[in-house]
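A short write-up of the structure that comes next.
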Amino acid sequence: MHNKILKAGLWLIFTFGWGTLTAQAPQRLPSSKLAQDIKKLNVLGNVLYMAAHPDDENTTFIAYMANEKLYNTNYLALTRGDGGQNLIGPQIREQLGMIRTQELLQARRVDGGRQFFSRANDFGFSKNPQEAFMIWEKEQLLADAVWVIRQVKPDVIVTRFPPDSRAGHGHHSASSILAEEAFDAAADPKRFPEQLKFVEPWQAKRLLWNISMWSITNRAEFIKNAGQYLQIDLGGYNPLLGKSYGELSAESRSMHRSQGFGSVGTRGTSVEYFQHTKGDKTMTDLFEGIDTSWKRVKGSAKIEQLVQQAAREFDATNPAGSVPLLLSIRSELQKLPDGFWKTSKLADVQELIKNSMGLYLEVTATEFAYPPGATLPLTVEAINRSSVPVSLEKIKLPFASKDSVIRASLAYNQDLTFETNALIPAKTPISQPYWLRKEIGYAGLFSVDNLQEIGLPENPPVALVTFDLLVAGQPLRVDVPVVFKKKDPVLGEIYQPLVVTPPVFATIAQEVYMFDTAEPRKVDVTIKAGKDNCSGEVKLALPTGWKSIPEKVPFAIQEKGAEQTVEFQLFPPADPQEANVRAVVTLEGKEYDKSFGLISYTHIPAQVFFPTASTKAVKLDLVKKGTNIGYIMGAGDLIPQSLRQIGYRVTLLEDQDMTPEKLGTFDAIITGVRAYNTNERMKHHQAALLKYVENGGNLVVQYNTNMGLKTTELGPYPFELTRDRITEETSEVRFIKPESAVLNSPNKITADDFNSWVQERGLYFPQNWAPEYEAVISSNDPNSPPLDGGILVARYGKGNYVYTSLSWFRELPAGVPGAYRLFVNLLSIGD
């Protein structure tokens, strides 16, 4: 019995609690959606889609399965997209993963699916699954997939990719390999038995590959022989939603803004193909042989009849008229023995009861952040917008041990609002995203200690208010998350998650401090108060050989949210060295070393996180020529800030700067990551840039992709771009032209300069370059052919043109010493 309670409660998190896991406005659903949700009460089917990244999922399939077939439709993405590029801002790595997590959640709100993640940290492109599993610890990742399968109990599992090289990415094929193994392992009680305290073994009926058409080399031949595959037309139209599934899919996919995946909706026939992988084979229907009616639950015949009646009698002009039947359905559900479908459908019907009445329940805090031990001021609003008799009997405030008795009638359209307080316990943990609670590197799995958190897209709400109501004389309990709400003069009503924070934060001004001389660097540390009356002292925790003056600095801040900046002089050691430097704040006898991170974009809820208040300090042997650099931004990177670290004056160039007079003032000009893909103006600027080179300038062009180029004439002489990468950051680098100035001036480059690189060597390497280009270095992944186009240099007129596909956008912000030395050489050619 104890296990049954645990299992039912766990599923409750993923069903009834699903909408409360995000800081969104209370649901206000139109009658058409309610009509669809009533029909769904009679559909008992689950499907799980599996792939590797945000954006891999087939959103048309998810929209169709969730809204046409009315199945519980789930998407398990192995990663949060941490290893990709960001087209909307500077965030990379785990911060980008936070953005893409929220983009996926927004996509699921559109297409009706539910989102899950494994613990896999996206470490960038991988050429094969063997490489991926070397980093990801396959057995642990398999456990994650089994855990999710045992929770959602899919009748059918669908993969986006084949388990081989046709997948085009090692992460892609790895996701399908895991799906195949998890299909069997989830049913085996001997596999991952520690999970069985909370879930039961589960055997899905079948596993299929949703064939990706881009993986088909001969599409005409494929269509000719398509009779061997299961075919589903996903191009239907949903009159209740007023959209085709292609249109719904486009809205969902367009939420992936950090990847630039805005999409245009489609209408009409849209056939998808599915190849059998495991389990029972079908050529007619994805759910062939699977009973998705109430017949799969013993003693539920009356429920099916009541739902059919509710669907027949539903009145779109008076959805509250369905409440008596919905209450009857709930009563019948409560009679069933504990199990998956009882818990799932009880959650669904209770949401329907609430939404059919237009019952609006909201609890807001006056601020979005509070420290442990603080008083939490709350505003509670409850309004019944129907003629159904409703009374609010009592509420249970967050962290409280007792209920507060209310016993107030919620008369039709009469707003009940009151204020109250809750006390946040002193031992409440801070609201760090659960997968980031422990420090991470660039690879492997996120460390998560709590098994029941694995799979969740985000943390459960910090605080819940439980409303106990009587609806037409029957009890109804609703949990409502406490959120922060504000009025934006442009966007209107904005919701933000409530977070528990440390009482004080420290932020070091820069992520990396580069020292190319013995001179000290000023290090500013900003102290931010998380509560009133903060006073104490701050110091820099330093390794041996580094010194700060002063050692400690006192601070005193009177008001919560106010800041004070203190200054240290940081002295490097004599010899080259890398160090981690932490800011440590002492407050009321306790030490704190967290900073305050906020990610804010209009298409996702604001995200708060608490990185360690640290910076990387690097003493390096560096000679630099020239000082004045022009930079044309591309997809967003941190290289301008990195170059300022070593004394360059960096100017971000705009249209008005593209004159011979202005360009001629720069010692070198750099184009940012994917500038020729993302900056529409590059096709107009290219002639001016090449003229700058011809007149004696030095132009360094960073990598671009071979898709969506604004101009194909990237250099003064032709070359082609490929999708070739060197994903192993420790791969050997060989010098093709050891006498080249790139490797000798002003810094002598050796093999040691390629140590400590992160994530990858380079990406989208060129090929078939004109003879005017000189290839300087060569490298390759294990068992892969050499790629010689990491640095191409060409003399053009009086100047020099450099095309480089090395991953500078990752290496310089990470403070990799050798990357700085080599990049400075690129900027110094011809000086």
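The values are calculated or read from the model by the stated rules, or taken from the named source; none is laboratory data. Model, not experiment: these values are computed from the prediction. Heads up, the Cβs are rebuilt from the backbone with ideal geometry, glycines too, and the neighbour counts pull from every protein chain shown.
Within segment 782-800, is there a residue that is modelled with pLDDT under 95, under 21 Å from ASN698 (Cβ atoms) and either assigned to a loop (DSSP other than H, G, I, E, B) or touching a helix residue (DSSP H, G or I) at 6+ places or on another chain (Cβ under 7 Å) (or both)? No, segment 782-800 contains no residue that is modelled with pLDDT under 95, under 21 Å from ASN698 (Cβ atoms) and either assigned to a loop (DSSP other than H, G, I, E, B) or touching a helix residue (DSSP H, G or I) at 6+ places or on another chain (Cβ under 7 Å) (or both). Checked across segment 142-162, the condition of being part of a helix (DSSP H, G or I), over 19 Å from ASN46 (Cα atoms) and in contact (Cβ under 8 Å) with a residue 24 or more places away in the chain holds for at least one residue. Output the residues belonging to segment 387-422 that are of a type outside the set (Asp, Glu), touching a Leu at 6+ places or on another chain (Cβ under 7 Å) and part of a strand (DSSP E or B). Within segment 387-422, VAL390, SER391, LEU392, SER404, ILE406, ALA408, LEU416, THR420, ASN421, ALA422 meet the criteria.
What are the residues in segment 525-557 that are in a loop (DSSP other than H, G, I, E, B) and touching an Asp or Glu at 6+ places or on another chain (Cβ under 7 Å), if any? If the condition is that a residue be in a loop (DSSP other than H, G, I, E, B) and touching an Asp or Glu at 6+ places or on another chain (Cβ under 7 Å), then ASP532 is the only one that fits. It is to be established whether one or more residues within segment 355-366 are within 31 Å of the chain's Cα centre (by Cα), within 23 Å of LEU44 (Cα to Cα) and in contact (Cβ under 8 Å) with a residue 40 or more places away in the chain. Within segment 355-366, one or more residues are within 31 Å of the chain's Cα centre (by Cα), within 23 Å of LEU44 (Cα to Cα) and in contact (Cβ under 8 Å) with a residue 40 or more places away in the chain.
Checking each residue in segment 306-323 for being surrounded by 14 or more Cβ atoms within 10 Å (Cβ to Cβ) and of a type outside the set (A, V, I, L, M) picks out GLN308, GLN309, PHE314, PRO319, GLY321, SER322.
Of all residues in segment 189-227, those that are surrounded by 10 or more Cβ atoms within 10 Å (Cβ to Cβ) and not in a loop (DSSP other than H, G, I, E, B) total 16. Residues of segment 389-426 that are at positive phi and modelled with pLDDT of 95 or more: ASN413 alone. Note on segment 751-789: residues that are surrounded by 21 or more Cβ atoms within 10 Å (Cβ to Cβ) and β-branched (Val, Ile, Thr) amount to 2.
This table checks each residue for (1) touching an Asp or Glu at 6+ places or on another chain (Cβ under 7 Å); (2) loosely packed, with under 14 Cβ neighbours inside 10 Å; (3) on the phi < 0 side of the Ramachandran plot; (4) without any contact (Cβ under 8 Å) to a residue 12 or more places away in the chain.
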{"site": "GLY473", "(1), (2), (3), (4)": "no, yes, no, no"}
{"site": "LEU476", "(1), (2), (3), (4)": "no, no, yes, no"}
{"site": "ASP479", "(1), (2), (3), (4)": "no, no, yes, no"}
{"site": "VAL482", "(1), (2), (3), (4)": "no, no, yes, no"}
{"site": "LYS485", "(1), (2), (3), (4)": "yes, no, yes, no"}
{"site": "GLN496", "(1), (2), (3), (4)": "no, no, yes, no"}
{"site": "VAL500", "(1), (2), (3), (4)": "no, no, yes, no"}
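THR612 satisfies every condition listed in (1) within 25 Å of the chain's Cα centre (by Cα); (2) buried (at least 16 other Cβ atoms within 10 Å of the Cβ); (3) not basic (Lys, Arg) except (2).
Is it the case that segment 651-664 has a residue that's within 34 Å of the chain's Cα centre (by Cα) and within 30 Å of LEU570 (Cα to Cα)? For segment 651-664, residues within 34 Å of the chain's Cα centre (by Cα) and within 30 Å of LEU570 (Cα to Cα): present. Please find, within segment 126-168, the residue that is nearest to the chain's Cα centre (by Cα) out of those that are among the aromatic types (Phe, Trp, Tyr) and buried (at least 21 other Cβ atoms within 10 Å of the Cβ). It comes out as TRP136.
Among the candidates LEU376, LEU359, the residue that is surrounded by 20 or more Cβ atoms within 10 Å (Cβ to Cβ), modelled with pLDDT of 95 or more and closer than 30 Å to GLY561 by Cβ is uniquely LEU376. For segment 623-636, does any single residue satisfy the condition of being part of a helix (DSSP H, G or I), touching a residue at least 24 places away in the same chain (Cβ under 8 Å) and polar (S, T, N, Q)? No; the residues of segment 623-636 include none that is part of a helix (DSSP H, G or I), touching a residue at least 24 places away in the same chain (Cβ under 8 Å) and polar (S, T, N, Q). The condition of being buried (at least 20 other Cβ atoms within 10 Å of the Cβ) and outside the structural domain of GLN102 (by TED's automatic domain parsing) holds for only one of VAL525, VAL566, that being VAL525. Restricting attention to segment 253-281 and to residues that are out of contact with any strand residue (DSSP E or B) (no Cβ under 6 Å at 6 or more places or on another chain) and polar (S, T, N, Q), the residue that is surrounded by the most Cβ atoms within 10 Å (Cβ to Cβ) turns out to be SER258. Considering each residue of segment 398-412 in turn, at least one proves to be out of contact with any Gly (no Cβ under 7 Å at 6 or more places or on another chain), surrounded by 15 or more Cβ atoms within 10 Å (Cβ to Cβ) and under 23 Å from GLN496 (Cβ atoms). The set of residues in segment 531-559 being exposed (fewer than 13 other Cβ atoms within 10 Å of the Cβ) and of a type in the set (Ser, Thr, Tyr) consists of THR544 alone. Identification of strands (runs of 3 or more DSSP E) wholly contained in segment 561-610 with 3 or more residues that are hydrophobic (A, V, I, L, M, F, W, C), modelled with pLDDT of 95 or more and farther than 23 Å from PRO429 by Cα yields 563-571.
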